[in-house]
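The values are calculated or read from the model by the stated rules, or taken from the named source; none is laboratory data. This is a predicted model, so every value here is computed, not measured. Backbone-built Cβ (ideal geometry, glycine too); neighbour counts: all protein chains shown.
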Amino acid sequence: MDREQIIIFDTTLRDGEQALRSSLSKDAKLHIAKSLERLGVDYIEAGFPVSSPGDFDSVKTIAAEIKTSKVVGLCRALPGDIEAAAQALSVAESFRIHTFIATSPLHLSQKLKMDISATLDATRSSVALARKFTDDVEFSCEDAGRTPLEDLLRFVETAIDAGATTVNIPDTVGYTIPTEYGGIIAEIMNRVPNIDKAVLSVHCHDDLGLSVANSMAAITAGARQVEGTINGLGERAGNCALEEIIMILETRKDIYPFKTNINICEIYPTSQVVANRCHMEVQANKAIVGDNAFTHSSGIHQDGVLKEKKTYEIMTPESIGVPSMQLNMTSRSGRHVIRHRLSVLGYKEGENYDLDSFYESFLKLADSKGVVYDYDLEALIWLDPADTAVIYELVHLNALSGTEKMGTATIKLTKGDKVFSQAAVGNGPVNAVFNAIDEISGKKFKLLDYKILSQGVGREAHGQVDVVIAWSDRTYHGTGFSTDIVEASTHAYINVLNAVEKSERVEKKSADVGKKQRSGRTTEASRRENHV
């Protein structure tokens, strides 16, 4: 029996990024996009091109690099937005423009200050404009879950008449329940006269914990595209977790006679890449990709699994790419072993890492830890120094603490040929280190968040420290890892400092270029005036 295809539309780089404390770098976005491409998603919504020069550049870069998945740019129902998206995406052989406008009475009256007639006109004109750039246009009815059905039917029909090939029905605030949401989709399928000319898509949020259930109800009712994110990242409580949708379709083919283009063995590696690059830890009990998803603690369960895995496992960890723990990676391991393990984890030599420089970092870590695990290799990948322009580098660190005295720290940093040494005190050794770095840099950062994670088990576990600071109306994120928590904290704070320094250098260079251009225009104007 031929199975209908469910189109998988990933918005991790757009809706997912909106949930992060600080924006992703272009390199991080490209890394995630390539992981999504290996996973086999049909569409990658790379960003909102008109929102910032950085987002425009990221979308353009991803559109140029990604070949098997189609790249999408989001835009409001405004000519400037649509033209910016088209310009960013034009480097791709084919692409999709995704335009949207709010349709619920609440959004129309309170946010847009528009009536339904004007909104329908905007729908029609925006889709028509997008069609001038591509024949693959998606239109979304924002807050469709709270839009009166008769109004929603008019928006869907209007968008398709104007040329939309996909129409999306977002439950923007996660308000609906499965029977209700499935009913909306069924009504659209049954009552919109031109629905056969477009694919019906769904985009559900998880405010009530129903995003996956709502999406599955929509598939049953006739939707054939599901939008979501890896690990369920997204605004507020997050989006529909695509890995859950994919494995429901894979595991319950008896109920859902559909197929996807997904390489399910890439699910876990992609989840790890997203978690690491976004600095968003996956909760242990998360379905499909959580650390406990294939862990059995009960004696009864353990006995059953040892006799037959199917007694308590409805899918195998190997099927989604969960690697087995490797205990034999030491300083005696050769390059071929490391290359193989990275390949299993979804990383490609020359694309995600340089083997020679990576192996050098691996040997240093192996000498300090004794045994290196898969999560250590991933840490070396996504914390590669090449990701951040190193301005300050750590040379020496000494920190002390005790029950009856304040923490003290002495630190030595280099910045080019300059060497800086500073001692400081604090309410603990980490605080003392941060105070010393502030003294050296001349900057007093506002610490917004400080988080310690344990990577691994036992006394040789790595400490991962995530730091978020505020500086000049912007937030910056830094990560450090080490078997020593104070050292990990130091690396994280130095990474933040380097990010700030790099940002300031870019701004200064941009200002200098602008000043020269203005000076050149003034000189030319003066020359012309004198000539006249």
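Restricting to segment 245-296, what's the tally of residues that are polar (S, T, N, Q), under 30 Å from TYR476 (Cα atoms) and out of contact with any Leu (no Cβ under 6 Å at 6 or more places or on another chain)?
Number satisfying all stated conditions: 5.
Out of curiosity, is ILE219 at pLDDT 95 or above, surrounded by fewer than 24 Cβ atoms within 10 Å (Cβ to Cβ) and not small (Gly, Ala, Ser)?
Details: at pLDDT 95 or above: yes; surrounded by fewer than 24 Cβ atoms within 10 Å (Cβ to Cβ): yes; not small (Gly, Ala, Ser): yes.
Yes.
Kindly indicate which of VAL305, VAL390 is within 26 Å of the chain's Cα centre (by Cα) and modelled with pLDDT under 75.
Within the list VAL305, VAL390, the selection yields VAL390.
In the set ALA64, ALA86, ALA118, ALA92, which member is touching a Ser or Thr at 6+ places or on another chain (Cβ under 9 Å) and without any contact (Cβ under 8 Å) to a residue 60 or more places away in the chain? Please lay out each step first, then the result.
Details: ALA64 fails: touching a Ser or Thr at 6+ places or on another chain (Cβ under 9 Å); ALA118 fails: touching a Ser or Thr at 6+ places or on another chain (Cβ under 9 Å); ALA92 fails: touching a Ser or Thr at 6+ places or on another chain (Cβ under 9 Å).
Within the list ALA64, ALA86, ALA118, ALA92, the selection yields ALA86.
Restricting segment 1-42 to residues that are of a type in the set (Gly, Ala, Ser) and either outside the structural domain of ILE264 (by TED's automatic domain parsing) or assigned to a helix (DSSP H, G or I) (or both), which is nearest to GLY321 (Cα to Cα)?
Of all residues in segment 1-42, those of a type in the set (Gly, Ala, Ser) come to 16, 19, 22-23, 25, 28, 33, 35, 40.
Cutting the leftovers down to either outside the structural domain of ILE264 (by TED's automatic domain parsing) or assigned to a helix (DSSP H, G or I) (or both) gives us 16, 19, 28, 33, 35.
Working: GLY16: 22, ALA19: 26, ALA28: 21, ALA33: 18, SER35: 13 Å.
Filtering first and then ranking leaves SER35.
For GLY145, indicate whether it is closer than 12 Å to ALA218 by Cβ, modelled with pLDDT of 95 or more and of a type in the set (Gly, Ala, Ser). I'd like the intermediate steps shown before the answer.
Numbers: closer than 12 Å to ALA218 by Cβ: yes; modelled with pLDDT of 95 or more: yes; of a type in the set (Gly, Ala, Ser): yes.
Here the answer is yes, as GLY145 does meet what is asked.
With respect to ILE62, determine if the residue is β-branched (Val, Ile, Thr) and in contact with a strand residue (DSSP E or B) (Cβ under 6 Å, 6 or more places away or on another chain).
Details: β-branched (Val, Ile, Thr): yes; in contact with a strand residue (DSSP E or B) (Cβ under 6 Å, 6 or more places away or on another chain): yes.
Yes: the conditions hold for ILE62.
Does GLU45 satisfy being outside any loop (DSSP other than H, G, I, E, B), under 21 Å from GLU235 (Cβ atoms) and of a type outside the set (A, V, I, L, M)? Break it down into steps so the answer makes sense when it comes.
Details: outside any loop (DSSP other than H, G, I, E, B): yes; under 21 Å from GLU235 (Cβ atoms): yes; of a type outside the set (A, V, I, L, M): yes.
Yes; evaluated as a whole, the condition is true for this residue.
Could you list, in sequence order, the residues of segment 230-268 that are surrounded by fewer than 22 Cβ atoms within 10 Å (Cβ to Cβ), in a helix (DSSP H, G or I) and in contact (Cβ under 8 Å) with a residue 60 or more places away in the chain?
Those that are surrounded by fewer than 22 Cβ atoms within 10 Å (Cβ to Cβ), in a helix (DSSP H, G or I) and in contact (Cβ under 8 Å) with a residue 60 or more places away in the chain: MET247, GLU250, THR251, GLU266.
From (1) in contact with a Phe, Trp or Tyr (Cβ under 9 Å, 6 or more places away or on another chain); (2) loosely packed, with under 14 Cβ neighbours inside 10 Å, pick out the condition that doesn't hold for GLY416.
Going through the list (1) in contact with a Phe, Trp or Tyr (Cβ under 9 Å, 6 or more places away or on another chain); (2) loosely packed, with under 14 Cβ neighbours inside 10 Å, GLY416 breaks only (1).
Scan (1) assigned to a loop (DSSP other than H, G, I, E, B); (2) touching a Phe, Trp or Tyr at 6+ places or on another chain (Cβ under 7 Å); (3) more than 16 Å from ILE195 (Cα to Cα) for the single condition ALA164 breaks and write down its number.
Going through the list (1) assigned to a loop (DSSP other than H, G, I, E, B); (2) touching a Phe, Trp or Tyr at 6+ places or on another chain (Cβ under 7 Å); (3) more than 16 Å from ILE195 (Cα to Cα), ALA164 breaks only (3).
Tell me which residues, restricted to segment 183-215, are of a type outside the set (Val, Ile, Thr) and part of a helix (DSSP H, G or I).
Scanning segment 183-215 gives GLY183, ALA186, GLU187, MET189, ASN190, ARG191, ASP196, LYS197, SER211, ALA213, ASN214, SER215.
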